[in-house]
Structures are given as structure tokens and as C-alpha cells.
Amino acid sequence: MRISILTLLFLFTPLLHAADSSGNYAIWGAGNKSCHKYNLTRAAGEDAVFKDYVMGYLTAYNHHEEETYSISREMNLSEIMGWLDEECELKPVIAFEEALVNFLIEHYQERMRFPPGGFGQ
């Protein structure tokens, strides 16, 4: 499954800049948990570690991706977590990090390229 996601990344968007020669990379923290674990944690209201992971992941993505001010545009954290809720409900066996990659793929074309009122719009 990871290979197909990475293939899409290479073919359709310049999302992936760093990995080994086979496209593999280490996943740390909550991203290494399954969507099933995420679903259980969210249902119990104990999802702070996942929220922190999402904020850090998207901040790092925004920092490293060219022409990207915000991959999530004007979505707030609750809206992003809602999107991930739906993704993980549909695909409980994938890693949480893979759900985030799917978020990147789906939102890449509509990303905010410049800050609001910023130069270049």
C-alpha cells in the first residue's frame, strides 16, 4: 500500500523530497500508529498526541514544500481532524501517517501558496 501512495506522490505532485532510494523513510510517534488506534483514541477523547503530530507534520510540510504557505488553506485543526476521522474510518488498517499523506495529496492543488495579503498573489 505504501508503495502505491509513494508512486502517486512521484507521478502527480512534488510532495516527496527526502527518503531513501526506494522511497522509504522512518515514521516516528503517532504517525506510526494505525488508523484503527487513532479511531479508538479519538472515541475516548484522548487524542492530544495525534493532534500534536498533525500540527507538527503540517508545519514541517508547509516549511519544506515550495510555493506552499498552508497545505490546509484556511481549515482549522478541528476541520483537519474531521477529515482524518473520515479517512481513518474508511481505512482503519493504514498507518495514521499514510492518512496524512492522503490529506496532502487531496489538498495539494488547492493549497495556499502565499500568506493572506502576501506578495505574489
Being at pLDDT 95 or above, within 18 Å of MET112 (Cα to Cα) and among the β-branched types (Val, Ile, Thr) narrows it down to one of VAL49, VAL54, so name that one.
-> VAL54
Picked from region 70-121 (must be among the charged types (D, E, K, R), free of Cβ contacts under 8 Å to residues at least 40 places away in the same chain and assigned to a loop (DSSP other than H, G, I, E, B)), the residue farthest from TYR38 (Cα to Cα) is GLU110
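Hey, does region 6-29 have a residue that's among the hydrophobic types (A, V, I, L, M, F, W, C) and at pLDDT 95 or above?
Within region 6-29, the first condition is being among the hydrophobic types (A, V, I, L, M, F, W, C), and the residues that meet it are 6, 8-12, 15-16, 18-19, 26-28.
Adding the requirement that they be at pLDDT 95 or above leaves none.
So far as region 6-29 goes, no, none of its residues is among the hydrophobic types (A, V, I, L, M, F, W, C) and at pLDDT 95 or above.
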Within the group GLU110, GLU98, which residue is over 21 Å from TYR25 (Cα atoms) and acidic (Asp, Glu)?
-> GLU110
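State all residues of region 29-53 that are of a type outside the set (S, T, N, Q), touching a Phe, Trp or Tyr at 6+ places or on another chain (Cβ under 9 Å) and either within 22 Å of HIS107 (Cα to Cα) or loosely packed, with under 11 Cβ neighbours inside 10 Å (or both); if no residue qualifies, say none.
ALA30, GLY31, CYS35, TYR38, PHE50, TYR53
Within region 34-54, which residues are part of a helix (DSSP H, G or I) and out of contact with any helix residue (DSSP H, G or I) (no Cβ under 7 Å at 6 or more places or on another chain)?
HIS36, LYS37, LEU40, ALA43, ALA48, ASP52, listed by residue number.
When the residues of region 62-89 are narrowed to those that are surrounded by 13 or more Cβ atoms within 10 Å (Cβ to Cβ) and aliphatic (A, V, I, L, M), which ends up farthest from ASP47 (Cα to Cα)?
Keep residues of region 62-89 that are surrounded by 13 or more Cβ atoms within 10 Å (Cβ to Cβ), which gives 62, 65, 68-72, 75, 80-81, 83-85, 87-89.
Then drop every residue that is not aliphatic (A, V, I, L, M), which leaves 71, 75, 80-81, 84.
On the way: ILE71: 22, MET75: 19, ILE80: 13, MET81: 10, LEU84: 12 Å.
Of everything passing the filter in region 62-89, ILE71 is farthest from ASP47 (Cα to Cα).
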Flag if ALA26 is free of Cβ contacts under 8 Å to residues at least 12 places away in the same chain and of a type outside the set (Lys, Arg) = yes
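The values are calculated or read from the model by the stated rules, or taken from the named source; none is laboratory data. None of these values were measured; they are calculated from a predicted model. When we count neighbours, we look across all protein chains shown, and the Cβ atoms used for this are built from the backbone with ideal geometry, even at glycine.
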